[in-house]
Amino acid sequence: MASPSLGHDATSYAPPAELGEMELPHAHSFITRYIFCQDAKVIAIQYVITATAIGLVALALSILIRLQLGFPGTFSFLDPSNYLQYVTMHGMIMVVYLLTALFLGGFGNYLIPLMCGTRDMVFPWLNMLSFWTYLLAVLVLVASFFVPGGPTGAGWTLYPPQSISPGTPGVGGGIILMLVSLAIFIIGFTMGGLNYIVTVLQARARGMTLMRLPLTIWGIFLATVLAMLAFPALLVAALMMLFDLLLGTSFFMPAMIALGEQRGYDGGSPLLFQHLFWFFGHPEVYIVALPAFGIVSDVLATHARRNIFGYRMMVWALVAIAGLSFVVWAHHMYVSGMNPYFGFLFATTTLIIAVPTAIKVYNWVLTLWQGNIKLTVPMLFCIGFMFTFLNGGLSGLFLGNVTVDVPLADTYFVVGHFHMVMAVAPIMVIFAAIYHWYPKVTGRMLNNTMGKIHFWVTLLGTYAVYYPMHYMGFAGVPRRYYAYGETAFIPDSVVTLNSFISIAAIIVALAQFMFIYNMVVSYFRGEEAGPNPWDATTLEWQTEHTPPRHGNFGPELPVVYRWAYDYGVPGAKHDFIPQNVPPEKVERAGPGDPQAR
Amino acid sequence: MRVTLIFLAVLLGISLAWIVRQTINVRPWVAETPGPSAPDHLPAAVTAARLGLAVLLAVVTSFFMLGTSAYFMRMEMGRDWIPLAVPGILWANTLVLVFASFALQRAWNAARRWNMDKLRPALLAGGACTVVFIAGQAVAWGQLQSAGHFLTGNPATSFFYLLTSLHALHLLGGLAAWMRTMVRVRRGDAPYKIRVSVELCAVYWHFLLLLWLGLFGLLLYN
């Protein structure tokens, strides 16, 4: 069977050379091609469609929330329980099931193999299983809407003891399904994450050194590392809470009387849950932000026709942010009570994160400086991101300080802050990325006019929604309240402002339907894009076919000779040199060419 | 959280050192033709399967470190902690798991020399010992129950049930991989495939043995 000469060396583990570079599980039927498919690109699209579908549910919930806040008492079908359930599910879906899944499952799956120059992920079957596990998690989550009592209304942070005590909406089936769904999501994500990490580290094309990787891949890679280390905290917390709820242990539940009844718990610590939750929760912000940072860097460079400013600094800033994000979690718990020295420590680490983040923002601005800026739709969304992220980040500096956070905690200032920095900013990047890569995924361009309308309505609309919330926070308006009633400290102007915000929110939501319409119609009737409509340098634009087929590249895998940012190279004929063009094949500019300087 | 932070610091320290080595003194903007051996790539010994297992083990370690952190924090935060009377059978179980790990190491050695006569019994013994270990853990649970230490009685007992069942679940997952390896051996798959499977199983079992020793120490410590 095998020759006895095979020794203990590593090569005896390697498949024989005649098997070729990688065995691809090619699809032979409709089912293996589109449903149980092992091609990362199809899995990516499956992720995007599922995430978008559940994201639209969360969008609808946010409109219901706004209807209640903007026009209290007008809609009789919105009662206080429903309101809390909508707030909870909106938050959880948007953060975990939409943003995380879209950035890592969607863009990660599509871009990692293509940008690294490999045929597919290293474990395609596991990758497929990852999507189906994610879909199961989403279905379990959706099922919680239909159980008696409805979904949980504990707030997306699910703090015990309130989340599993009588009186909270959805304390029966709702919270159980929520926790089970999170556990399934984490298991599914781990399968995908294994793929992303190993593919980036192990399967890159020849010549694709770490420092030639596009920043998109750096962002997705580091975010995956964060997620793999942080999601277990949520898993532990979810399992312990399920034990408390179903089996009667007292991990988190103190001795308490609920609705006049002594409950069987004793001695548990709600603070323990908060520590575990935020040990996941804070890195989660960066799980969403790091891929966004990476994508913005690449889209900016491409559409400004300029190399990214300070590439190495950008990589180290990403690494620094990733590392620091694990030592700031307790800044979410200033008002939960803690040793003042800890508050000081966590405020300091929080403010230190501003340094690498500021480096990134400056470098984006300096990339645009003297660039040949093309105000395409992806570029517009990137610029929108920069402003929004800056504004949201600055209000974060306020909240990172204990003394300022205490009066502002649980007010609309917090809602305004995290929606700017963590909702609108990453969503802007998702839009930029979709407008940027849609031509590669489908072979057709999105409609430009609709894209610009979409951008302006979304940008101005979200500012109209979230900017006023900061003022409401200063006024002391608390968040998560169903209605405010007669209070001495909330002026009438807040009521008017709430109506204004609600109208703006509805307009923004409607604009998103135009975007979806654009995506569907352009798929059939969009202008033919060609292989490389943006004249980009990265490998996904150099594929043999558009859209790329299973296996991504032609018979030969690409060889990489340069970094991803050779735009406007002096003396070259074209203003971009793809990563797989060897130095000796670069066309020189003739005397009449504009680049000949 | 101290336990978790120490683990993370070690892990991040190693990764950071590696990343810095890869990225310092590199001029990314210089275009050049890659040589025949790519120095930036991982050594040939770091195959996708091995690296994948290493990443998985890092995630599992993170998971159990967080469980351990919760264990210590709950011990400090509540005033109701009563140290657990550790059932004696756990010592015997530990020994059985050591046997399982040892048997799989022998299977790995046999696979490297491609000695099928030694590979099959060693692999079988590894799986059998693991099943005995899980059964032994169930006996330990039964003993605790009959001694009146129920799941809800005390946080120390709750953690015992939680952590041991999570560890057993990870062993069951390992058994699924072990069954796949058995099928491969029976089917007579290509040698490199069998080698990889046996190797991954052996490493995973060593890891779970270490994990169990850690958890057992933790339970004794309280």
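Where a number appears in this text, it was derived from the coordinates with a stated rule and is not lab data. All values derive from a computational prediction rather than experimental measurement. So basically every Cβ, Gly included, is an ideal-geometry build from the backbone, and we count neighbours across all protein chains shown.
Mind computing the radius of gyration and Dmax over the alpha-carbon atoms of the range A:21-63? Å is fine for both.
Every Cα atom of the range A:21-63 included, Rg and Dmax give 14.8, 51 Å.
Among all the lysines, which ones have a C-alpha under 22 Å from A:K41's C-alpha, if same-chain residues fewer than 8 places away are not counted?
By straight Cα distance, A:K41 reaches A:K440.
For a label point 7 angstrom out from the Cα of A:L510 toward its Cβ, which stretches of the range A:426-459 have the backbone nitrogen within less than 16 Å?
A:453-459
Residue-wise, which Karplus ³J(HN,Hα) couplings in Hz belong to the range A:551-557, taking 6.51 cos²θ - 1.76 cosθ + 1.60, θ = phi - 60°, and x for glycine or proline?
Residue by residue, the range A:551-557 yields x, 6, 10, x, x, 9, 6 Hz.
Treating cross-link reach as a plain straight distance, find the lysines whose alpha-carbon is under 16 Å from the alpha-carbon of A:K573, omitting any fewer than eight places away in the same chain.
A:K585
Using only Cα atoms, what Kirkwood radius does the range A:530-597 have, in angstroms?
Value: 12.9 Å, from the Cα pair sum.
Rg to Rh for the range A:203-351: what is it, with Cα atoms only and Rh by Kirkwood?
We get a ratio of 1.15 for the range A:203-351.
Please work out the Cα center distance from the range A:427-461 to the range A:143-192, rounded to the nearest Å.
Taking the Cα centre of the range A:143-192 as reference, the centre of the range A:427-461 is 34 Å away.
Please give the contour-minus-distance gain from A:Y523 to A:F342: 0.36 nm per residue of separation, less the Cα-Cα distance, rounded to one decimal in nm.
Between A:Y523 and A:F342, full extension yields 59.8 nm more.
How fast does chain B diffuse by Stokes-Einstein, in µm²/s, taking the Kirkwood radius from C-alpha pairs at 37 °C and 0.692 mPa s?
It diffuses with D of about 164 µm²/s by this estimate.
Please report the projected area of chain A's Cα convex hull averaged over all directions, in nm².
For chain A, averaging the hull's shadow over all directions gives 32.2 nm².
How much length, in nm to one decimal, is gained on full extension between A:I352 and A:D492, taken as 0.36 nm per residue of separation minus their Cα-Cα distance?
Working it through step by step, the gained length comes to 46.5 nm.
Which number comes out as Rg/Rh for the range A:472-597 once both Rg and the Kirkwood Rh are worked out on C-alpha atoms?
Expressed as Rg/Rh, it is 1.31.
If you line up the long axis of helix B:191-221 against the longest principal axis of chain B, both from Cα atoms, how many degrees apart are they, to the nearest 10?
Its long axis makes an angle of about 40 degrees.
First measure r as the distance between the Cβ atoms of A:V361 and A:R480, then evaluate 1/(1 + (r/R0)^6) with R0 = 45 Å and state the FRET efficiency to the nearest 0.05.
For A:V361 and A:R480, the calculated efficiency is 0.90.
In whole Å, what is the distance between the alpha-carbon centres of the range A:281-352 and the range A:77-106?
Comparing the Cα centres of the range A:281-352 and the range A:77-106, I get a distance of 23 Å.
What are the equivalent ellipsoid semi-axes of the range B:131-222, built from the alpha-carbon gyration tensor (square roots of five times its eigenvalues), in whole angstrom, biggest first?
34, 14, 8
Would you mind getting me the FRET efficiency between A:S499 and A:L460? Use the beta-carbon distance for r and R0 = 22 Å, nearest 0.05.
FRET efficiency, A:S499 to A:L460: 0.80.
For the Cα atoms of chain A, what angle does the longest principal axis make with the long axis of helix A:215-242, in degrees from 0 to 90, nearest 10?
30 degrees
As a check on your grasp of the helix formula, calculate [θ] at 222 nm for chain B: sum -39500 (n - 2.57) over DSSP H runs of n ≥ 4, divide by the residue count, round to the nearest 500.
It comes out at -28000 deg cm²/dmol, rounded to the nearest 500.
State to the nearest 20 debye the size of the charge dipole of the range A:530-597 about its Cα centre, where the only charges are +1 on K and R beta carbons and -1 on D and E beta carbons.
100 debye
What lysines could a cross-link reach from B:K118, if we take a straight Cα to Cα line under 20 Å and drop same-chain neighbours fewer than 8 places away?
B:K193
Under a plain spin-label model, where a point goes 7 Å from the Cα along Cα-to-Cβ, how far apart in nm are B:L42 and A:W132?
For the pair B:L42/A:W132, the computed spacing is 2.6 nm.
How far apart, in nm, are two points set 7 Å out from the Cα along the Cα-to-Cβ line at A:F75 and at A:E544?
Using points 7 Å along Cα→Cβ, the separation is 5.3 nm.
Considering the Cα trace of the range A:38-213, what is its radius of gyration and what is Dmax, both in angstroms?
19.0, 64
If you take the beta carbon distance between A:R312 and A:H26 as r and set R0 to 35 Å, what does 1/(1 + (r/R0)^6) give as a FRET efficiency, to the nearest 0.05?
That pair, A:R312 with A:H26, gives E of 0.30.
Relative contact order, percent, of chain B when contacts are C-alpha pairs under 8 Å separated by at least 6 residues?
It rounds to 26 percent for chain B.
Taking beta carbons within 10 Å but only from partner chains, what does the mean come to for residues B:41-47?
5
Give a quick list of trypsin sites (Lys or Arg not before Pro) in the range A:253-356 that DSSP marks as loop, anything other than H, G, I, E or B, with at most 16 other Cβ atoms within 10 Å.
Here the sparse-neighbourhood loop sites are A:R305.
Hey, for a label at B:T33 modelled as a point 7 Å past Cα toward Cβ, could you say which residues of the range A:197-214 have their backbone N under 15 Å away?
A:207
Can you tally the net charge around A:W541? Count Lys and Arg as +1, Asp and Glu as -1, for every other residue whose Cβ sits under 9 Å from the Cβ of A:W541.
Once positives and negatives cancel, what remains is -1.
For B:C129, B:C201, A:C382, which order do you get if you count the other beta carbons within 10 Å of each Cβ and list the fewest first?
B:C129, B:C201, A:C382
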